[in-house]
Amino acid sequence: MLAGEIGPPEMISLANYCEHLERGGQTDLHLNMAAVTHCGREGLDGLLALVAGPGAMTVTVDGARWRHFMQLLSTAPIVEMQGLCDSVRMLLPRPATGSA
């Protein structure tokens, strides 16, 4: 469970932790963002890198919500907005599929 703000120091720590787990043979890691208060640009980029990571460990993120990224989005230059929103969408839960 991730909690509080996710910025540069937290991503360095999380990336080091993931490397440690992978060296130890861990093959899956599930990160829950339910208790995150704010995720900055470095946090967003870092989480996306972990999820897309080339290593042997599969990292998944759950519990991501738009509210985690509102501070980032509210201060971003307009020319970056589409790219940032697309990046956030990659961490958000997928809508349920199927018919009612």
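Values in this text are rule-based calculations from the coordinates and carry no lab data. Every value quoted in this text rests on a predicted model; they were computed, and no experiment measured them. Because the Cβ atoms are built from the backbone with ideal geometry, glycine has one as well, and the counts that use them run over all protein chains shown.
Specify whether the C-alpha gyration tensor of the chain places it in the rounded, prolate or oblate class, a ≥ b ≥ c being the square roots of the eigenvalues: rounded for a/c under 1.5, otherwise prolate if a/b is larger than b/c and oblate if not. Verdict is oblate for the chain.
Projecting the Cα atoms of M57, L31, H20 onto the charge dipole of the chain, computed from C-beta unit charges around the Cα centre, puts L31 farthest toward the positive end.
In terms of surrounding Cβ atoms within a 10 Å radius of their Cβ, R23, R41 rank from fewest to most as R23, R41. Taking label points 7 Å from Cα along the Cα-to-Cβ direction, D62 and M90 give a separation of 2.2 nm. For the pair the range 62-89 / the range 1-29, the C-alpha centres are spaced 22 Å from each other.
Of all DSSP-defined beta bridges confined to the range 3-91, some 0% are antiparallel rather than parallel. Starting from the Cα gyration tensor of the range 5-60, take the square roots of the eigenvalues, sort them a ≥ b ≥ c, and report rounded, prolate or oblate (rounded when a/c is under 1.5, otherwise prolate if a/b is larger than b/c, else oblate). In terms of gyration-tensor shape, prolate. Helix content alone sets the calculated 222 nm mean residue ellipticity of the chain: runs of n ≥ 4 DSSP H residues at -39500 (n - 2.57) each, divided across all residues, give -14500 deg cm²/dmol.
Distances between placed amide hydrogens fall under 5 Å for A64 paired with M33, all partners being 5 or more residues away or on another chain.
Against the chain, whose longest principal axis comes from its Cα atoms, helix 41-51 is set at around 50 degrees. For T58, the residues whose modelled amide H falls within less than 5 Å of its own, excluding neighbours fewer than 5 places apart on the same chain, are D28, L29.
Entry note, the chain: relative contact order of 30 percent, from Cα contacts under 8 Å with a spacing of 6+ residues.
In the chain, the longest principal axis of the Cα atoms and the axis of helix 78-91 are about 50 degrees apart.
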